[in-house]
Amino acid sequence: MPAPTQAMCTSFKVELMQALHNFNNPAGNTFNLALFADAATTAAGFGAATTNFSEMGGSEASGTGYTSGGAALTSVSPTSSGTTAFTDFADLTFSTVTLTSSGALIYNVTNGNRAVAVLNFGGDRSATAGDFVIQFPTADASNAIIRLT
Amino acid sequence: MFGSESGVEVNSVKILTTNGRGLTPEEVATLCVDRIISVSDTAPEPMRQQALAYKENIRQVLIHYMAMAAAGERTTLINKLAESGYEQAANILKEI
């Protein structure tokens, strides 16, 4: 089975135009990050076509210290630089976990668990009774995690 | 309105994992400074080296204060454990 394909979910692009995603902090939606299982366990097809967290099913990571659904992200209100708008999240730590993951799904908990983006970690990554840290890229027009150019 | 060359893009994340321990002050400081300062690979070399040197200076300052915060929290925990009669647990923490 392949690892998830990194992509902005197509449904998210449509839903942006429907005002279904609000990244403001405060007064915005709650977004979670859920971890995929290792590449061998994750089903094929996760990527641009992913529409909802509910599709993860058995492809979600499991292990000591990890709760299904992942954890809430701390949004940074959207801003712009030049002609690029972007948003950001604070780094996320799953503490004292034992698991292996090949990627992650960012999704909107407030609005029906709608998928935002699928992330690929570039290979299976493991933590054993330790921390699993997702470091988001620098929040600028060239590197931010989500950018509208 | 979006122009013909507009797009919605998602960037990659970095992953840091540990086994049998939490993050060290050095690791936390590196995570922190990476969020504060980004140096372009295509910046003019003298400027790039200057920016990288500045970034490393900030990282060293962060390491110092992160270590101070971690040590301070351990001191508080050691005292709380000792006050509650858990001398053995307090001694284990002292040795970290």
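The values are calculated or read from the model by the stated rules, or taken from the named source; none is laboratory data. The model shown is predicted, which means the values in this text are computed figures rather than measured ones. Here Cβ is always computed from backbone atoms with ideal geometry, including for glycine, and neighbour counts include all displayed protein chains.
Just a few scattered comments:
- Any hit, segment B:23-46, residues being within 11 Å of another protein chain (Cβ to nearest Cβ), small (Gly, Ala, Ser) and either on the phi > 0 side of the Ramachandran plot or surrounded by 14 or more Cβ atoms within 10 Å (Cβ to Cβ) (or both): yes
- Test for residue A:41: is it β-branched (Val, Ile, Thr), closer than 19 Å to residue A:112 by Cα and over 12 Å from the mean Cα position of the chain (by Cα): no
- The one condition in (1) in a loop (DSSP other than H, G, I, E, B); (2) closer than 27 Å to residue A:101 by Cα that residue B:27 fails to fulfil: (1)
Residue by residue, here is whether (1) of a type in the set (Asp, Glu); (2) crowded, with 19+ Cβ neighbours inside 10 Å; (3) closer than 16 Å to residue A:111 by Cβ holds:
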site: A:19; (1), (2), (3): no, no, yes
site: A:37; (1), (2), (3): no, yes, no
site: A:43; (1), (2), (3): no, no, no
site: A:46; (1), (2), (3): no, yes, no
site: A:66; (1), (2), (3): no, yes, no
site: A:71; (1), (2), (3): no, no, no
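- Filter pass, residue A:76 being in a strand (DSSP E or B) and of a type in the set (Val, Ile, Thr): yes
- Taking the numbered list (1) at the interface with another protein chain (Cβ under 8 Å from one of its Cβ atoms); (2) under 21 Å from residue B:67 (Cα atoms) in turn, residue B:54 passes all entries but (1).
- Residues located in segment A:6-46, provided they are within 11 Å of chain B (Cβ to nearest Cβ) and closer than 18 Å to residue A:101 by Cβ: A:6, A:7, A:33, A:35
- Any hit, segment A:48-70, residues being hydrophobic (A, V, I, L, M, F, W, C), more than 19 Å from residue B:13 (Cβ to Cβ), in a loop (DSSP other than H, G, I, E, B) and free of Cβ contacts under 8 Å to residues at least 24 places away in the same chain: no
- Residue B:20 fulfils the conditions (1) modelled with pLDDT of 90 or more; (2) on the phi < 0 side of the Ramachandran plot; (3) of a type outside the set (Val, Ile, Thr) except for a single criterion, (2).
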